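Report on the structure given below.
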Amino acid sequence: MQTVPRLGSGIPLVARTSEMRRLRAALARAERNEAGAVLLSGDAGVGKTRVLTELGEHAASRGALVLTGRCLDVREGGLPYLPFAEALTPLATSGDSAVADALRVRHALGRLLPQLGTVLPPSAEYTPVSASDHETMGPVRAERDLGQLQLFDAVLGLLTELSERTPVVLLLEDLHWADGSTRNLLSFLLSRLRAQRLLVVASYREEDVHRRHPLRPLLSELVRLASVERIDLTPFSEADARQFVAALAESTLSPEVITELIERSQGNPFFLEELIASCGDDGSDLPTGLAEVLLSRVERLSAETRRVLRLISVANGGVSHAVLNDLSGLDELALDEALREAVQHHVLVVDKKFYLFRHALLREAVYGDLLPGERTRTHAQYADRLRRRPETRGGYALLAYHSLESNDLPTALAASKRAATEAEGLGAPASALKHTEQALAIWDAVPEKDRPEGVDEIKLLSEASYFAGTSGEPERAIAYARSAVEAIHDGVSVERAATLWRRLAQVLGVLDGTWDESVEAIGKAWELVERAEASRTRAWVLSTRAIIQRGDNDIAGALWSAQSAVADARAVGADGAEADALVTLGALAETEGHIEEARDRLRQAQLKAEKAGALNVGLRARYFLASSYEEQSEIAEALAAYRESADYAKENGLTWSSFGLEARARHLYLRYVSGDWPTEDGRPRRGVSSAVAARMTASWVYIVAARGRLAEAEKMVESLGGEWRTDILIAIAGGAVGIDLAYWRGEHAEALRRAEDAIQRLEQFDPWLLGGLRMVVLGMRSASALAAAARVRGDTVAEAEAVARGEALLAHGRACLEHGKPRSGTLGPEGRAWRARLEAEAPELHGRFDPAAWAETVAAFGYGAVYEQAVSRQRYAAALLSTGEAADAERAAAELLKAYEVAERLGAKPLGDSIRDLAHRARVELPGQAPPRDVVDPLTDRERAVLERVALGRTNRQVGEELYISEKTVSVHLSRVMAKLGASRRAEAVAIAKDRGLLAG
């Protein structure tokens, strides 16, 4: 009688103590509302599935909801979102009313779970698109991308809501086979883990993720997230392998056989398990390779069972009993016996009424052993069945796969085209791109008479360009758009050719270095429709032409094109094109300084976008309206408009869209500007992507630094350093706050260096950016301090260097003002305020103070910049005190009092300390305040040691002898101390330090 080997999963888990401890710790954190994720990597057969199973059982025993999904190896395009659909499907039939309600209110889940029968909203995102629409709809079609984002938000919202009732554990297996849409959804989900009771664990084969594997860049991104940790499952050590063999083997194996098993398996648990199952009672006749091991197991089974296994191996995933009954050629009884034998011998497992191989390596071994003709015939069987029943989810993708493998290229071509349409409908552009590329690859091999009706190579190239662009691959989008243009022939209609050229112009505008080609492409598109009657195509060409002309600074041409686009769009009822052109008209009006006209256009664009169901255009119009208020420094209105934009984004599932995120970031920054500083942390909680975290940190870091949490702010600035290229506002925030931090610590040389570095970074975006003005001003402040310190110690060389560097900054700042391009065409209140401060800082490089310039600066920041105005008041007071006039001293006292009140209300500690210090030296009494003892300490330990000995009456020589440093070094330290404290003499430095609590006594 044949011996049935024991299944490894039937014994207690061997080894993996450390890995399970970490996984259970991650689960415990999730139970405490600290959502997290684990990437579980390891070679095939190393035990990833067993570890996930153990974790799932442990989590279930603690009352958690465990959801499991698996990826399949469908190489050509894949099945969009398969593991998520598999994981969530049990919820749809759970019978739990609360779960049903959570599913029902999220319409987008109908794309993932058709069994819900959800009726999707009648918006552009959910409206099926015919083949011809690709040629005519233009950017309106881009709105369909929102369907993917809404689906992502729906999945996140569902898991979040479920986790409010009980902890949720989502287990995703075989991520190395994930399609692009699944990878995108996983990235979205993991980057938004916050305070949910949610743990996501995803496994993948490390050896399969080669250098060009599409999963590799995603893994690189995910491992940088604070909420994600990686666990590598390594092969067993020799001791662990021996323990595994002892637990698994039913009979006693000789030490020699055990040693050979361990050596041959190289510690791989699955290999070990298979070797033990194949070696017989005496451990003899060991196979020489894993494939032989696996196949030797299979060869022991009956002929009917082997036939069924070969059939299932071709399916490349779970197979239902009905399919096997249809294709196996066995009667019901024989099929049942064959399946029972395979299950009993642990070759197959039953999962959710589907039969699949217990391990992917088993399937690969069986599939690889098929004869060429046998493989082709079996794929053809599957294709024939799918051709008769393609309505199942992912049916066309599978039909394309099996048809291609069975060399039925006409069917594969038609199915690939349908699979691309299906993937697009699911909001999976990456999968749609793969199917379209597959169709292109076999296009020439399919006879013309057998090609799908209404499809030609140009259409496939155009669609491939669109899918590449919407899935984040602009280079490929350009390449396909160029190929589509090159394929234009005499039989192509004028309107279609114009659409192709317009598409090329659009995608060329995405990347740097292709602008001239973009201008040329839209010119050719326009030549084709310039004399034509109004049409959707002409309206879109004009709208795109207006955008490009505006970018090319052809304002008159852009205005004419946008106006003409509106006229054509209205004539043919192309609401999307009209909304697109109205946004451009609004931007043009603002550039010309016609603010009210611009805002009226943007409001019109909102209404038109809503009529067209173009949610993203509606959000963009709202955002630009808020930005218009900010540009004119109408702070209250801008705050309200950004808040409305953020709410609109949330209501329409666009919370994490670019404009939704940016609206929240600008709202937070304006709260800093207006002096309405929040107490709660303005950054996202753990788990967002590094770019998203950096964008929100860029707004929050201003407040953290201004409140005097210098060490925390410094770490935030360091984190921004790795993301400065992703957004100019990140670069500006990191630069400005970094300079401020060094200044408040009294490290003026470092502050000046940071200013110069920040300007260089900004210049990489575009020359003479107005954002550089702020870096210039902050850097000049420290250049003046360095020059002043050098003058005190009589170091003319150092003074000249500091002045020269300051003058270089000044020249750059004035060039920014001369060449920079304000969005509204003229410098707004914020820009004018920084320009005033630039001119106030300039004379201080040479030791002169200009109270009138500082008075102008204070007034200029009165547009609503509460904190910056308080900073300027402190500087204005210092300039007034420099005159020595009694009247100026009185005005200085008044300015200090106003600045002090703001600093106290905001909790702006560094500013408050500097105000108190200046007030003390000027003998100005501040209400109820004594010199604080917890001020920001600008002195280094060595500088303090020197000053302490000077306070005791030591000479420089005596100080040097006591500290074992040279007299010259003592002098240098004293010069730095006096510069930091604003003193001109040694005795004054000692007095200031004592008053500020920096020295005892």
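The values are calculated or read from the model by the stated rules, or taken from the named source; none is laboratory data. Remember, it's a predicted structure, so these values are computed and weren't measured experimentally. Reconstructed Cβ throughout: ideal geometry from the backbone, glycine too, with neighbour counts over all protein chains shown.
Working only within segment 565-589, note down all residues that are within 17 Å of Gly618 (Cβ to Cβ) and not in a helix (DSSP H, G or I). Once the filter is applied, which keeps residues that are within 17 Å of Gly618 (Cβ to Cβ) and not in a helix (DSSP H, G or I), segment 565-589 yields only Ala574. Here the condition is being part of a helix (DSSP H, G or I), of a type in the set (D, E, K, R) and either in contact with a Phe, Trp or Tyr (Cβ under 7 Å, 6 or more places away or on another chain) or without any contact (Cβ under 8 Å) to a residue 40 or more places away in the chain (or both); of Glu437, Glu463, Glu453, it holds for Glu437 alone.
All conditions in (1) within 23 Å of Gly454 (Cβ to Cβ); (2) part of a loop (DSSP other than H, G, I, E, B) hold for Ala420, with the sole exception of (2). Against the criterion of being of a type in the set (Phe, Trp, Tyr) and modelled with pLDDT of 90 or more, Tyr964 does not qualify. Against the numbered list (1) without any contact (Cβ under 8 Å) to a residue 40 or more places away in the chain; (2) touching a strand residue (DSSP E or B) at 6+ places or on another chain (Cβ under 9 Å); (3) not β-branched (Val, Ile, Thr), Arg70 comes up short only at (1). State whether one or more residues within segment 889-909 are surrounded by 20 or more Cβ atoms within 10 Å (Cβ to Cβ) and either outside any helix (DSSP H, G or I) or at positive phi (or both). Looking through segment 889-909, at least one residue is surrounded by 20 or more Cβ atoms within 10 Å (Cβ to Cβ) and either outside any helix (DSSP H, G or I) or at positive phi (or both).
Quickly run through segment 742-792 and pick out the residues that are part of a helix (DSSP H, G or I) and charged (D, E, K, R). Glu750, Arg753, Arg754, Glu756, Asp757, Arg761, Glu763, Arg774, Arg781, Arg791 - these are the residues of segment 742-792 that are part of a helix (DSSP H, G or I) and charged (D, E, K, R). Only one of the numbered conditions (1) out of contact with any Lys or Arg (no Cβ under 8 Å at 6 or more places or on another chain); (2) modelled with pLDDT under 90; (3) β-branched (Val, Ile, Thr) is not met by Val349, and that is (1).
Restricting attention to segment 590-625 and to residues that are outside any helix (DSSP H, G or I) and either over 21 Å from Leu559 (Cβ atoms) or acidic (Asp, Glu) (or both), the residue that is nearest to the chain's Cα centre (by Cα) turns out to be Ala614. Which of the residues that make up segment 215-229 are assigned to a helix (DSSP H, G or I) and of a type in the set (A, V, I, L, M, F, W, C)? Selection gives Leu215, Leu218, Leu219, Leu222.
Taking Ala736, is it closer than 18 Å to Arg835 by Cα, out of contact with any helix residue (DSSP H, G or I) (no Cβ under 6 Å at 6 or more places or on another chain) and in a helix (DSSP H, G or I)? Against the criterion (closer than 18 Å to Arg835 by Cα, out of contact with any helix residue (DSSP H, G or I) (no Cβ under 6 Å at 6 or more places or on another chain) and in a helix (DSSP H, G or I)), Ala736 does not qualify. Filtered by the rule that a residue be within 20 Å of Ala556 (Cβ to Cβ) and of a type in the set (A, V, I, L, M), segment 570-589 gives Ala581, Leu582, Val583, Leu585, Ala587, Leu588, Ala589. Of all residues in segment 725-756, which are at pLDDT 90 or above and among the basic types (Lys, Arg)? Correct list: Arg745, Arg753, Arg754.
Suppose the filter is in the same structural domain as Leu906 (by TED's automatic domain parsing), closer than 24 Å to Leu906 by Cα and free of Cβ contacts under 8 Å to residues at least 24 places away in the same chain; does Gly862 pass it? Taking the combined requirement at face value, the residue satisfies it. Restricting attention to segment 677-724, the residues that are of a type outside the set (Phe, Trp, Tyr), modelled with pLDDT of 75 or more and touching a helix residue (DSSP H, G or I) at 6+ places or on another chain (Cβ under 8 Å) total 25. For first residues located in segment 726-744 and within 21 Å of Gly912 (Cβ to Cβ), partners that are at pLDDT below 95 and aromatic (Phe, Trp, Tyr) and lie 6+ apart or on another chain with Cβ distances below 7 Å form the pairs Val737/Tyr702.
Taking segment 440-450, which residues are part of a loop (DSSP other than H, G, I, E, B) and either in contact (Cβ under 8 Å) with a residue 60 or more places away in the chain or surrounded by 14 or more Cβ atoms within 10 Å (Cβ to Cβ) (or both)? Passing the criteria: only Val446. Only one of the numbered conditions (1) in contact with an Asp or Glu (Cβ under 7 Å, 6 or more places away or on another chain); (2) assigned to a loop (DSSP other than H, G, I, E, B) is violated by Leu253, and that is (1).
In the condition set (1) out of contact with any Leu (no Cβ under 8 Å at 6 or more places or on another chain); (2) assigned to a strand (DSSP E or B), Leu171 is compliant with all but (1).
For segment 473-498, which residues satisfy the criterion of being in contact (Cβ under 8 Å) with a residue 40 or more places away in the chain and assigned to a loop (DSSP other than H, G, I, E, B)? Correct list: Glu473 only. In segment 68-109, of all residues being of a type in the set (Gly, Ala, Ser) and crowded, with 20+ Cβ neighbours inside 10 Å, the one that is farthest from Asp179 (Cα to Cα) corresponds to Ala102. Residue pairs whose Cβ atoms lie under 7 Å apart, separated by 6 or more positions or on different chains, with the first residue in segment 249-272 and at pLDDT 75 or above and the second acidic (Asp, Glu), are Ile262/Glu238; Asn268/Asp43.
Checked against (1) over 30 Å from Arg832 (Cβ atoms); (2) among the hydrophobic types (A, V, I, L, M, F, W, C); (3) buried (at least 24 other Cβ atoms within 10 Å of the Cβ), Ala638 meets all criteria but (1). Modelled with pLDDT under 90 and among the polar types (S, T, N, Q) - does that describe any residue in segment 604-615? No, segment 604-615 contains no residue that is modelled with pLDDT under 90 and among the polar types (S, T, N, Q).
Taking the criterion of being in contact with a Ser or Thr (Cβ under 8 Å, 6 or more places away or on another chain), among the aromatic types (Phe, Trp, Tyr) and modelled with pLDDT under 90, the only residue of segment 435-490 that qualifies is Phe467.
Applying the criterion of being in contact with a Pro (Cβ under 9 Å, 6 or more places away or on another chain) and part of a helix (DSSP H, G or I) to the residues of segment 43-67, the residue that is surrounded by the fewest Cβ atoms within 10 Å (Cβ to Cβ) is Arg50. Can you confirm whether Ser493 is polar (S, T, N, Q), surrounded by 19 or more Cβ atoms within 10 Å (Cβ to Cβ), under 19 Å from Ala521 (Cα atoms) and not assigned by TED's automatic domain parsing to the domain that holds Arg183? Criteria not met by Ser493.
Residue-by-condition table, conditions (1) assigned to a helix (DSSP H, G or I); (2) modelled with pLDDT under 95; (3) in the same structural domain as Met775 (by TED's automatic domain parsing):
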| residue | (1), (2), (3) |
| --- | --- |
| Arg837 | yes, no, yes |
| Ala840 | yes, no, yes |
| Glu844 | yes, yes, yes |
| Phe849 | no, yes, yes |
| Ala853 | yes, no, yes |
| Val858 | yes, no, yes |
| Gln869 | yes, no, yes |
| Arg873 | yes, no, yes |
| Ala879 | yes, yes, yes |
